[in-house]
Amino acid sequence: MRKSSFKGLALTTIMLLASAAPCAAQAQAVDASATAEQVEALQKQVQALQAQLDALKQQLPKAAPSWKGAPQWEDSSAGFTFKPKGTIQFDAGYVGYPGDPSGTVGPVSAATGASGVNTNNLGFNTRFRRAIIGAEGALPGGFGYNVEFELSQAGVNYEDVVLTYQRKGSPLQLKLGYQFPLSSLELMSSSRFVSFMERAGSTDAFGYTRRIGLSAAYTKPDFVISAGLFGDDVANANFNRTGWQASTRAIWMPKFGTSQLHLGVNAQYRTAARDAQNVRLRQRPYTQITDQRPLDTGRIAADGDMILGVEAAGIFKSFHVAGEAQWLKVRAINDPAHVFAPNNGTGGAAAFLADDPTFFSGYIEAGYFLTGETRGYKGGRWDRTKVLHPFDKGGWGAVQLNARVDHSDLQDRVGTGAITPGSLNFVNGGKQTGYQLGVSWLPTDYLRFIAQYGHVDVTGGPAAAVPFAAATGAFQDRSYKLDTMTVRAQVDF
């Protein structure tokens, strides 16, 4: 090939390659543009999917409950919560009595309604102590509610039925509804968490019941001050609910390391309904598997009464100690010629005593967890104990031993002269001292089994008569003894 032809071919090839380069670059540019558009489209799809996922996450708490002993629903954005709750307490046991009398023993004097002891209602018995169902939760704006209905004893009754208000971050809480008036450590604590199957004797002896009212509590980490005004009990068919009560309670609850202290005072001022102006105090033998009450003052004509109480407790790791005392003074109507307003009166035969009687009830107790737990406490009341080694996790649960001495004195001399049955210078309500030992087993935080023994010494009272009590000495000094053995199975949620 000639040299000139070779040069021409090379030049032609170079020119063709040069002309082809822009076409390849244009193709690559087109491909890159398409890829960018695809990436942008994929990014938009991912963002849309992420938005949908975020929306689903926000809806998840509304649809799926959390669990705290029972399912709990919460909508934090709207301010709603809802949790069903309930308690079942099944009791069984035996209440002994001296000798083998039949029928009703006593009363020494029945003129003012004091009753003796029906021995047919002693001995072995079983009972649904409580069967409660309800719900609690929060409402928007700082409001809350707690509603509980008692279904035991073949009827429907109320437990706490309240509406609360507390602004976020505020130490002040208002509570309106059916509730216990502010009183002792035992009464203000749930029955699920007290040491024994029944609260201290003053709860029964001094006739504490829930009432409709309004209370306010100012709570700080180491103190609580509360006060309330309450009407009459509404768990009945009465319409003449003219009685009322004012209550106040102050608690100091400092914590020193792992030790928790509790010191408090409480006071009550109670006025009787106008058509039943009387005070009648009674008490069972520290168990409610019987309806019999060895202590009974009968009806005392009165405008009402006043109560002053002191309370103290301490929790030191697995050991706790507690004690309370209450004094009740009756504002008696001392004049038998007292003129009542129309439709008013004492509500039955009542004693117009010579002066105002004063009564007492108090206890001291100690307890110890053999398994290392610390007794639950919160806000001036006993609370749920956290089991360290639950039964469902391979442990044996918690075991607690408790001991208590409880004393009530419903006797008082209010005048001079000889004391005779039914005399107006002496109230023969009786004295009662209970010595109680108990053991509690908590397999989990929400299960509890209790077994306890009680020895009860009774002096005087309406049943201090032959053959129930020794027929020696004055009737108000005669004594007898009762022994109780009781067990409970409890579950709450």
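The values are calculated or read from the model by the stated rules, or taken from the named source; none is laboratory data. Please read all numbers here as calculations on a predicted model, not as lab measurements. Heads up, the Cβs are rebuilt from the backbone with ideal geometry, glycines too, and the neighbour counts pull from every protein chain shown. To get the accessible areas, we keep the full protein, side chains included, count just its heavy atoms, and leave off ligands, DNA and RNA. Shrake-Rupley method; radii C 1.70, N 1.55, O 1.52, S 1.80 Å.
Relative contact order of region 340-441: 30 percent, from C-alpha pairs under 8 Å at least 6 residues apart in sequence. A convex hull fitted to the Cα coordinates of region 337-493 yields 196 cubic angstrom per residue. With a Förster radius of 35 Å applied to the beta-carbon distance between THR444 and ARG241, the computed FRET efficiency rounds to 0.25. Can you bin every Cα-Cα distance in the chain into 20 Å intervals starting at zero and give me the percent of pairs per bin, rounded to whole numbers? Histogram of Cα-Cα distances, whole percents per bin: 19, 45, 18, 6, 5, 4, 2, 1, 0. Mean projected area of the Cα convex hull of region 107-261, taken over all directions, amounts to 13.4 nm².
Karplus-based coupling profile of region 144-156, in residue order and whole Hz: x, 8, 8, 10, 9, 10, 9, 10, 7, 6, 6, x, 10, with θ = phi - 60° in 6.51 cos²θ - 1.76 cosθ + 1.60 and x standing for Gly or Pro. Note on the chain: dipole from Cβ charges, positive end direction compared against LEU424, THR472, VAL491; the farthest Cα belongs to VAL491.
Contact order normalised by length for the chain, with contacts defined as Cα pairs under 8 Å and 6 or more residues apart; what percent is it?
Working: 1268 pairs, mean separation 70.2, N = 493.
Over the chain, the number comes to 14 percent.
Positive-end ranking of TRP252, ASN240, THR271 along the dipole of region 177-281, with charges on Cβ about the Cα centre, is headed by TRP252.
Taking 0.36 nm per residue of sequence separation and removing the Cα-Cα distance, the SER102/PHE90 pair yields an extension gain of 1.5 nm.
How large is the charge dipole for region 146-196, taken about the Cα centre, if only the Cβ atoms of Lys, Arg (+1) and Asp, Glu (-1) carry charge, to the nearest 20 debye? Its charge dipole is roughly 340 debye.
How much of the accessible area of region 224-332, probe 1.4 Å, is carbon plus sulfur, in whole percent?
Details: 2670 of 4190 Å².
The value for region 224-332 is 64 percent carbon and sulfur by accessible area.
Assuming a viscosity of 1.567 mPa s and a temperature of 4 °C, what translational diffusion coefficient in µm² per second does Stokes-Einstein assign to region 66-187, Rh being the Kirkwood radius over Cα pairs? All intermediate terms of the calculation are to be shown ahead of the outcome.
Working: Rh = 18.6 Å.
For the chosen part, D equals 70 µm²/s.
Extending 7 Å from the Cα toward the beta-carbon at both ALA216 and ASP335 defines two label points whose distance is 3.8 nm.
Annotation: amide H of ARG130 within the under-5 Å range of GLN89, sequence separation 5 or more or interchain, hydrogens built in the peptide plane. The ALA48 and LYS68 beta-carbon pair, evaluated with R₀ = 41 Å, returns a calculated FRET efficiency of approximately 0.65.
Run the dipole for the chain about the Cα centre, Lys and Arg Cβ at +1, Asp and Glu Cβ at -1, nothing else charged, and hand back the magnitude in debye, nearest 20. Working shown, then result.
On the way: 46 positive and 41 negative charges, 350 e Å.
Around 1680 debye, computed over the chain.
Label sites at HIS455 and ASP477, each approximated as a point 7 angstrom past Cα along Cα to Cβ, lie 2.3 nm apart.
Residue by residue, region 477-493 carries 3J(HN,Hα) couplings of 10, 5, 10, 8, 10, 10, 10, 10, 10, 9, 9, 9, 10, 9, 9, 9, 8 Hz when phi is fed to the Karplus relation 6.51 cos²θ - 1.76 cosθ + 1.60 (θ = phi - 60°); x denotes Gly or Pro. A simple spin-label model places the labels of MET485 and TYR269 5.0 nm from each other, with each point 7 Å out along Cα-to-Cβ.
Where does the charge balance sit around SER215 when Lys and Arg score +1, Asp and Glu -1, over other residues with C-beta under 13 Å from its C-beta? Its environment carries a net charge of +3. The residues of the chain expose on average 50 square angstrom of accessible surface per residue, using a 1.4 Å probe on protein heavy atoms.
What translational diffusion coefficient, in µm²/s and rounded to a whole number, does the Stokes-Einstein relation yield for region 262-354 at 20 °C and a viscosity of 1.002 mPa s, taking the hydrodynamic radius as the Kirkwood radius over Cα pairs?
Details: Rh = 15.7 Å.
Answer from the Stokes-Einstein relation: 136 µm²/s.
In percent, rounded to a whole number, the relative contact order of region 70-180 is 22, using alpha-carbon pairs under 8 Å and six or more apart. Extension gain for the segment PHE391 to SER259, taken as residue separation times 0.36 nm less the Cα-Cα distance, is 44.8 nm to one decimal. Computed from point charges on the beta carbon alone (+1 for Lys and Arg, -1 for Asp and Glu), the dipole magnitude for region 88-232 about its Cα centre is near 440 Debye.
Largest first and in whole Å, give the semi-axes of region 204-252's equivalent ellipsoid, each being the square root of 5 times a Cα gyration tensor eigenvalue.
Numbers: eigenvalues 141, 28, 13 Å².
For region 204-252, the ellipsoid semi-axes come out as 27, 12, 8 Å.
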